[in-house]
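Take a look at the structure below.
Here, each number is a calculation from the coordinates, and none is a lab measurement. The structure presented is a predicted model; accordingly, all values stated were derived computationally and were not measured. With ideal geometry, Cβ positions are generated from the backbone for all residues, glycine too; neighbour counts draw on all protein chains shown.
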Amino acid sequence: MVHAAASLVTNTAGEPLLITSSFIDLTEIHRAQSALAVSERRYRRIVETAQEGVWMIDADSRTTFANCKMGEILGRQPDEMLGMHLFEFMDEDGRKIAEDNLERRRQGISEQHEFKFQRKDGAFVWALLGTNPIHDDNGAYCGALAMVTDITERKRTEAALAHYATELEQSNQDLEQFAYVASHDLQEPLRMVASYVQLLARQYQGKLDAEADQYIGYAVDGAKRMQRLIQDLLTLSRISTRPQTMRNIDCETVLAEALKNLQIVIEDSGASLTHAPLPVVYADQGQLVQLFQNLIGNALKFHGDTPPQVHIEAELEPGDGAVEPPHWLFRISDNGIGIDPQYFDRIFEIFQRLHNRDEYSGTGIGLAICRRIVERHGGHIGVISTPGHGATFFFTLPVNVTNALNDCDSDRRG
Amino acid sequence: MHSTTVILIVEDNPGDVNLLRRALSGVRSVSLFVVNDGAAAIEFLRHEGEYGGAPRPNLLLLDLSLPKMDGHQVLAVVKGDPSLKSIPVVILSGSNAPNDISRAYALNANCYIAKPIDLDDYDRVIKAFEQFWLQIAQLPGSETE
């Protein structure tokens, strides 16, 4: 394409002297204009279809551009936003913050920050802004550009979570308070009953018959049992309300401590204990000792005619890669009286006993404590057994952090 | 030792006061005083109000659950007062909660004893207390400051 121009040159008398003509090849210019139009369409499309709001202001903080999404976020038409001052889109508190933010832009700072805007309908909207100052060719500040994302929903969720956390904290404190009351106020009357019934027995020794002695025995026994129950309830509640001190714990040490505590029982029952090498886990040591002690204690207690044989082992389970992380599966097996499958779940509940007091002692809370400890560590607990052929209690515990990294490495190498 | 050891018992439960008196009844040269709440304990120690002529105790037997001012608070006041802190304080409480125990020692209790539920055990414990604190241990004198 060509642009042609011609002009007539005349002398002072008006007589034509010559004709000048010029021809400009427009092909390149047209090609450049086409390319520019294409480029402009491309960028316009990006801005108009973006899921983020795009907002530009000039040096006086007046809107020079807003895309559809930006209008949507603020509840306005993009056109009506043109020329409007930044401060018109927020409340009084917002203006103070925005003034500081503008100053940072003038200083050339680009940054990402949260801000609470006010929509045309008066409602507030929380936004995440990625802002950049704009400079002219001389480097002077001439406005700012922001990419804006509506995060109101996210803020709402955060607030709800914080609220629940406070409620849980309050609930825990209430539980702790209740446990304290139980510890003091329930035990005192119990002591009075037990002590004074025994005092009566002493004072009237020989003056009361055998039946009276038996009655006194029942009364005192009842009081002592009640005290043990209260102690157990307290132990159970403390597992939930006390903070855990989580560290990498060597289960060999835990086992040793539990066995030391059970020494008398082990000797009296003539038990034999074996175990496979035990791993290091990420757990609360005190609770872990309690867990091992309760389970091994049970294995020793519920034996049949033969002396108890108890075996403790652990194996690493890889997890399913999505929800279930890798964990250690512990097994404590015995050759005792076993458990009827219909009771497999019930035994982990508070005060559930399967035998009367003459057969086997206990308050029926040991396994409830075990379950609470395991679940607080994010694991689960259960039992497999055939009546008359012993039982295997199993539970899972989280892998310790270093172990997890080592396993990752060995996977890569292997 | 002194001619008479003065023990101040701070206990609100009459049943417990009685058990304590019975368990200590065989001990010679001991004078027992009883107050029933924490505020009265402080008044006794400072010779205030009705306790103007009260003797200075050689030892304090302090329960934790008391009306008006609980045992931990009494302990804090006694051990925080330069003129009172030298008096040995033995906590005798129905609670064996680890929190109660550690808090008592943090407030400088000299000793913590949990009252057993069984009467025979209780008598044994009080006997052991008496043997250690009243026979073996030396207690600070009755002279003030």
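Rounded to the nearest 0.05, what FRET efficiency is calculated for A:Phe87 and A:Arg42 with R0 set to 30 Å and r the Cβ-Cβ distance? The partial results should precede the final answer.
Details: r = 34 Å, r/R0 = 1.12.
The value I calculate is 0.35.
Report, in deg cm²/dmol and to the nearest 500, the calculated mean residue ellipticity at 222 nm for chain A, where each DSSP H run with n ≥ 4 adds -39500 (n - 2.57) and the sum is divided by the residue count.
Mean residue ellipticity, 222 nm, calculated: -15000 deg cm²/dmol.
Over 19 Å between C-alpha atoms is what I'm after, so list which of B:Lys68/B:Lys115; A:Lys260/A:Lys301; A:Lys69/A:Lys116; B:Lys68/B:Lys127; A:Lys69/A:Lys120 land there. It would help to have the intermediate numbers written out before the result.
Working: B:Lys68/B:Lys115 22 Å; A:Lys260/A:Lys301 16 Å; A:Lys69/A:Lys116 17 Å; B:Lys68/B:Lys127 30 Å; A:Lys69/A:Lys120 15 Å.
As for pairs spanning more than 19 Å Cα to Cα, those are B:Lys68/B:Lys115; B:Lys68/B:Lys127.
The charge dipole of region A:1-95, taken about its Cα centre with unit charges on the Cβ of Lys, Arg, Asp and Glu (plus for the first two, minus for the last two), comes to roughly 480 debye.
Sites listed here are chymotrypsin sites (Phe, Trp or Tyr not before Pro) in region A:180-278 whose DSSP assignment is loop and whose Cβ has at most 15 other Cβ atoms within 10 Å: A:Tyr204. Residue by residue, region A:56-61 carries 3J(HN,Hα) couplings of 10, 10, 8, 5, 8, 6 Hz when phi is fed to the Karplus relation 6.51 cos²θ - 1.76 cosθ + 1.60 (θ = phi - 60°); x denotes Gly or Pro.
Return a whole-number percent for the relative contact order of region A:166-270, with Cα pairs under 8 Å and 6 or more residues apart as the contact set.
Details: 38 pairs, mean separation 39.8, N = 105.
Relative contact order here is 38 percent.
Would you mind telling me the antiparallel percentage of the DSSP bridges in the protein assembly as shown, rounded to 5?
Working: 62 of 83 bridges.
Given both bridge residues lie in the protein assembly as shown, the antiparallel proportion sits at roughly 75 percent.
Dividing the Cα radius of gyration of chain A by 2.2 N^0.38 Å, with N the residue count, gives 1.86. Only Cα sites of chain B enter the Debye sum here, all with the same form factor; the resulting log10 I(q)/I(0) across q = 0.14 1/Å is -0.62, listed in q order.
Subtract the Cα-Cα distance of A:Lys96 and A:Arg31 from 0.36 nm times their separation in residues, and report this length gain in nm to one decimal. Don't skip to the answer; put the middle values down first.
Working: separation 65, 0.36 × 65 = 23.40 nm, distance 4.98 nm.
That pair, A:Lys96 and A:Arg31, stretches by 18.4 nm at full extension.
When the protein assembly as shown is described by a simple charge dipole with +1 on each Lys and Arg Cβ and -1 on each Asp and Glu Cβ, the residue from B:Val89, A:Gly362, A:Leu18 located farthest towards its positive end is B:Val89.
Loop-located GluC sites (Glu not before Pro) in region B:1-77 (DSSP state not H, G, I, E or B) with no more than 16 neighbouring Cβ atoms inside 10 Å: B:Glu48. Using a cutoff of 8 angstrom between alpha carbon atoms and counting only pairs six or more residues apart, the relative contact order for region B:76-138 works out to 28 percent. Derived scalar couplings between HN and Hα for region B:119-133 equal 5, 4, 4, 4, 4, 4, 5, 5, 4, 5, 4, 5, 4, 6, 6 Hz in order, rounded to whole Hz, by the Karplus curve 6.51 cos²θ - 1.76 cosθ + 1.60 (θ = phi - 60°), x for Gly and Pro.
Which of the trypsin sites (Lys or Arg not before Pro) found in region A:121-224 are in a DSSP loop and have at most 15 neighbouring Cβ atoms, other than their own, within 10 Å? Walk me through the numbers on the way to the answer.
Details: sites: A:Arg154, A:Lys155, A:Arg156, A:Arg191, A:Arg202, A:Lys207, A:Lys224; in loops: A:Lys207.
Hits after loop and neighbour filter: A:Lys207.
How high is the relative contact order of chain A, in percent, with contacts defined as C-alpha pairs under 8 Å that are six or more residues apart? Can you show the working numbers first?
On the way: 624 pairs, mean separation 36.8, N = 414.
The normalised contact order for chain A reaches 9 percent.
Scanning chain A for GluC sites (Glu not before Pro) lying in DSSP loops with no more than 16 further Cβ atoms inside 10 Å, the longest uninterrupted stretch between such sites is A:1-348. Spin-label pair A:Ile384-B:Ile136: with each label point 7 Å from Cα along the Cα-Cβ axis, the two points sit 5.4 nm from one another. Here the simple spin-label model places points 7 Å from the Cα toward Cβ, and for B:His47 and A:Asp174 these points are separated by 5.1 nm.
Backbone geometry of region A:377-382 corresponds, through the Karplus equation with coefficients 6.51, -1.76 and 1.60 at θ = phi - 60°, to 3J(HN,Hα) couplings of 8, x, x, 9, 9, x Hz, x marking Gly and Pro.
Remark: chain B carries a charge dipole of roughly 320 debye about the Cα centre, counting +1 on each Lys and Arg Cβ and -1 on each Asp and Glu Cβ.
For A:Leu190, what charge total do you get from the other residues with a beta carbon under 13 Å from its beta carbon, if Lys and Arg give +1 and Asp and Glu give -1? Please report the intermediate quantities before stating the final value.
Values: positive: A:Arg191, A:Lys224, A:Arg225, A:Arg228, B:Lys115; negative: A:Asp185, A:Glu188, A:Asp221, B:Asp16, B:Asp118.
Net charge in that neighbourhood comes out at 0.
Considering only B:Gln135, B:Ala114, B:Gly49, and ranking their Cα positions along the charge dipole of region B:5-135 that arises from unit charges at the beta-carbon of Lys, Arg, Asp and Glu, the one farthest toward the positive end is B:Gln135. Here the dipole of the protein assembly as shown is about 660 debye; that uses its Cα centre as origin and unit charges on the Cβ of Lys and Arg (positive) and Asp and Glu (negative).
Calculate, for A:Leu186 and A:Glu114, the FRET efficiency according to 1/(1 + (r/R0)^6) with r their C-beta to C-beta distance and R0 56 Å; round to the nearest 0.05. The value I calculate is 0.65. Amide H of B:Met69 versus every other amide H placed in the peptide plane: which residues, excluding those fewer than 5 positions away on the same chain, fall under 5 Å? When sequence neighbours closer than 5 places are left aside, the close amide H contacts are B:Gly38, B:Ala39.
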